[in-house]
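Engineer: Quick one: the structure is below, questions incoming.
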Amino acid sequence: MEVPKGMHINHDGYLRIHRKPFRDKMAHRAYVERCIGRELRRDEEVHHLCFNRLCWPPSDFHLVLMDSALHHGTDAGRTPHYKRRQSWANGVLK
């Protein structure tokens with residue numbers, strides 16, 4: 001993967017922006033902030049449905065905003081129990 005201009009890969013394998021106005025933000029968080037029109041709170045996390053930290057640009061409905069407890073549970077099992085039987089549509093669990 002070619003790293004997009006104005007970004008670099010951080011020590012955790014995420015794309016980080018090093019140009020204003022999103023300097024020092026992770027790219028996926030900055031993308032969601034632009035989509036929802038506000039900064040994310042500390043307790044809000046962004047989940048990649050593909051589990052690929054380097055995917056860029058993200059496609060629509062590819063990133064899901066969730067609280068940290070749900071996010072850590074999702075990443076721990078890689079395939080959460082509810083995802084096995086249910087599907088995501090428009091960033092919402094159905």
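Engineer: Counting residues that are in contact with an Asp or Glu (Cβ under 8 Å, 6 or more places away or on another chain) and modelled with pLDDT of 85 or more, which strands (runs of 3 or more DSSP E) fully inside segment 7-94 reach at least 1?
Structural biologist: By residue number, 15-17, 44-48, 63-67.
Engineer: Condition first: surrounded by 10 or more Cβ atoms within 10 Å (Cβ to Cβ) and at negative phi. Now tell me which residues in segment 4-18 satisfy that.
Structural biologist: So in segment 4-18, the residues surrounded by 10 or more Cβ atoms within 10 Å (Cβ to Cβ) come out as 4, 6-10, 14-18.
Answer for segment 4-18, where residues must be surrounded by 10 or more Cβ atoms within 10 Å (Cβ to Cβ) and at negative phi: P4, M7, H8, I9, N10, Y14, L15, R16, I17, H18.
The values are calculated or read from the model by the stated rules, or taken from the named source; none is laboratory data. Just so it is clear, the model here is predicted, and its values are computed rather than measured. Every residue, glycine among them, receives a Cβ derived from its backbone with ideal geometry; neighbour counts consider all protein chains shown.
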